[in-house]
Amino acid sequence: MYTPPAFEITDQTLIHTFLAKNSFGVLITARQGEAPTGTHLPFLFDWSHGPNGRLCAHMARANPHWRVLQDMHDRVEEALVIFFGAHGYVSPRYYEPGAAVPTWNYETAHVYGVPSLPADTTEFRHHLETLAAFHEGGAANPWRMENEDPQFIDKMMAAIVPFEIDITRIEMKAKMSQNKPEKTQQKVVGCLRNSSHAHDRTLADAMEHYLSNK
């Protein structure tokens, strides 16, 4: 990923916080002689595994993409998962007087690693329970697998394929006007904050977060 130094994020706390908040990603694989393949999936992160952590996910068994993953494991080839966070248009109207052009501010992380397909059913069930618990967090009556008919759960589990990606490296970029003077940065934040669009206000929050941690 092309990342000018001003936009590069290397702080592990910032990276982990971003990935925990934006865990829906695009799994991308590319094998020689074949078109790249992408699948949109929710992921879980296990930072305690190995030197760089591990991604855990699953996809529909009917999706042929999972068959590529075992071959990549055997060949020790990297897959790529892309995660997006806040992003939005930044108008030259937000800058101080002078020559300027429109741009787009955004935050993203590219996570690379070698995939594998674990056969441990117990571990797979734990992954599904953890994923549900994460997204059900805060609900008055959270959905739980153990409350469902076991035969129904077994049938659903048979229809999906779990996989893991042992992370080899993470590239993170936050293009949040760090290359602009502080006065301009604050004006951009203020204009986005006053926007009628919710995604602009979310971008303003993200800008303040990164500019305060630069």
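The values are calculated or read from the model by the stated rules, or taken from the named source; none is laboratory data. All of these numbers come straight from a predicted model, not from anything done at the bench. Reconstructed Cβ throughout: ideal geometry from the backbone, glycine too, with neighbour counts over all protein chains shown.
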Neighbours by Cβ (under 6 Å, 6+ apart or cross-chain): first from the range 58-81, polar (S, T, N, Q); second part of a loop (DSSP other than H, G, I, E, B): Q70/L117
For the range 84-139, which residues satisfy the criterion of being surrounded by fewer than 18 Cβ atoms within 10 Å (Cβ to Cβ), among the acidic types (D, E) and either modelled with pLDDT under 90 or closer than 17 Å to V189 by Cα (or both)? E96, D120, E123
Cβ contacts < 7 Å: first residue of a type in the set (G, A, S), restricted to the range 115-129; second residue outside any strand (DSSP E or B) and surrounded by 12 or more Cβ atoms within 10 Å (Cβ to Cβ), any location; separation 6+ or different chain. Result? S116/H73
For the range 1-57, which positions are acidic (D, E) and closer than 18 Å to L117 by Cβ? D46
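Restricted to the range 53-64, and to residues that are more than 18 Å from H127 (Cα to Cα) and at pLDDT 95 or above, which residue is nearest to the chain's Cα centre (by Cα)? Steps first, answer last, please.
Taking the range 53-64 as the starting set, the residues that turn out to be more than 18 Å from H127 (Cα to Cα) are 62-64.
Still in the list and also at pLDDT 95 or above: 62-63.
Values: A62: 24, N63: 21 Å.
Of everything passing the filter in the range 53-64, N63 is nearest to the chain's Cα centre (by Cα).
Just need a number here: residues in the range 161-214 that are among the charged types (D, E, K, R) and assigned to a loop (DSSP other than H, G, I, E, B). Outline the logic, then answer.
Restricting attention to the range 161-214, the residues satisfying the condition of being among the charged types (D, E, K, R) are 164, 166, 169, 171, 173, 175, 180, 182-183, 187, 193, 200-201, 205, 208, 214.
With the extra rule that they be assigned to a loop (DSSP other than H, G, I, E, B), the set shrinks to 180, 214.
Number of matching residues: 2.
Out of S23, S48, report the one residue that is of a type in the set (S, T, Y) and either closer than 23 Å to A86 by Cα or surrounded by 14 or more Cβ atoms within 10 Å (Cβ to Cβ) (or both).
Working: S48 fails: either closer than 23 Å to A86 by Cα or surrounded by 14 or more Cβ atoms within 10 Å (Cβ to Cβ) (or both).
It is S23.
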Only strands (runs of 3 or more DSSP E) wholly contained in the range 33-117 count here; list those with 3 or more residues that are hydrophobic (A, V, I, L, M, F, W, C). 54-60, 79-90, 103-116
Could you give every pair whose Cβ atoms fall below 7 Å, whose first residue belongs to the range 169-197 and is surrounded by fewer than 12 Cβ atoms within 10 Å (Cβ to Cβ), and whose second residue is modelled with pLDDT of 95 or more, counting only separations of at least 6 or pairs across chains? R169/Y112
